[in-house]
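One structure below.
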Amino acid sequence: MNTETDWVYRVFEPHGSQGWRPYGSDPERWQGVITASDSPEGAKYAIGRIVGDLMTEWRRIGLHHAMHVRVFLWHEEAGDAKDANFIVELRPRSDIDAA
């Protein structure tokens with residue numbers, strides 16, 4: 001039986017020697033809950049939606065490449081980002097010429 005769960009997510013950006021901080025000028029925008037199946041496929045779906053939203057936002061503001069961010073995803077009942085089931089890191093391509 002395929003049950004659904006609430007996948008909690010938060011997006012972080014690097015902050016030098018201080019580690020990672022919530023992403024963007026509106027960190028509330030990049031945290032939330034996505035309901036999907038309680039399976040690896042459900043987690044992939046949730047991460048795909050988050051990454052798609054990030055890419056859409058970056059294109060909207062004129063970026064044509066990924067920013068360096070980490071997406072943390074965990075079951076709602078698991079606690080906090082430190083208990084993440086999945087962490088996906090996006091980095092800008094290193095082969096893009098600086099213009």
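Here are some notes:
- For the stretch 21-37, the residues whose backbone nitrogen is under 11 Å from a point 7 Å from the Cα of PHE86, taken along Cα to Cβ, are 36-37.
- Cα-based Kirkwood hydrodynamic radius, the chain, one decimal, Å: 14.4
- Peptides 18-26, 43-51, 63-71 ordered by average Cβ neighbours within 10 Å, highest first: 43-51, 63-71, 18-26
- Accessible area in square angstrom per residue, the stretch 23-70, 1.4 angstrom probe: 60
- Net charge over other residues, Cβ less than 11 angstrom from the Cβ of VAL8 (K, R count +1; D, E count -1): -4
- Percent accessible area from carbon and sulfur atoms, the chain, protein chains only, probe 1.4 Å: 49
- With semi-axes defined as the square roots of five times the eigenvalues of the C-alpha gyration tensor, the equivalent ellipsoid of the stretch 49-92 measures 25, 10, 6 Å, largest first.
- Accessible area, probe 1.4 Å, largest first, for residues SER37, SER17: SER17, SER37
- Between PRO27, ILE47, HIS15, the Cα set farthest toward the positive side of the dipole of the stretch 1-88 (charges on each charged residue's Cβ, about the Cα centre) is that of HIS15.
The values are calculated or read from the model by the stated rules, or taken from the named source; none is laboratory data. What you are looking at is a predicted structure, and each value in this text was computed from that prediction instead of being measured. Cβ sites come from the backbone with ideal geometry, for glycine too, and all protein chains shown count toward neighbours. The protein model used for the area step is the full one, side chains on, heavy atoms only, and it has no ligands, DNA or RNA in it. Shrake-Rupley method; radii C 1.70, N 1.55, O 1.52, S 1.80 Å.
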